[in-house]
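See below for the structure under consideration.
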Amino acid sequence: MDYKKHERLPRSHYTLLEASHEIKTTSTKILAQYLNRSPATIRTQFQRIMALLGVHSRYEALRKAEEAGLIRQNIRSAPAWEERRKKFTTSLAVNSRP
């Protein structure tokens, strides 16, 4: 994989990939809430990521990014991020109940 091709990804795109990997979803709505961005921004960023990686789906983009080492593991292990993730996933569970 050509590293030069991937260095064109802005920091916000790496953040999106890492967040998607961390909370194990590619849902536009969920990621928009989690990252405090608009759903349109999430869609656009995923489209750009997929184009740069030469893939056709978000899951394929995540897999390829992970294989290429573009997704850092345990980057948000600090207590504040861990607390935010727990709070967010708990609120998702509560809101998804019938």
Can you put 34, 59, 14 in order, fewest other beta carbons within 10 Å first?
59, 14, 34
Nearest 0.05, what FRET efficiency do residue 33 and residue 67 give at R0 = 22 Å with Cβ-Cβ as r?
0.20
Please give the length that would be gained between residue 12 and residue 51 if that part of the chain were fully extended, namely 0.36 nm times their separation in residues minus their C-alpha to C-alpha distance (nm, one decimal).
12.5 nm
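Values quoted throughout were computed directly from the atomic coordinates according to the rules given, and no laboratory measurement underlies them. Just so it is clear, the structure is predicted and the values come from calculations on it, not from any experiment. Cβ atoms come from the backbone with ideal geometry, glycine included; neighbour counts cover every protein chain shown.
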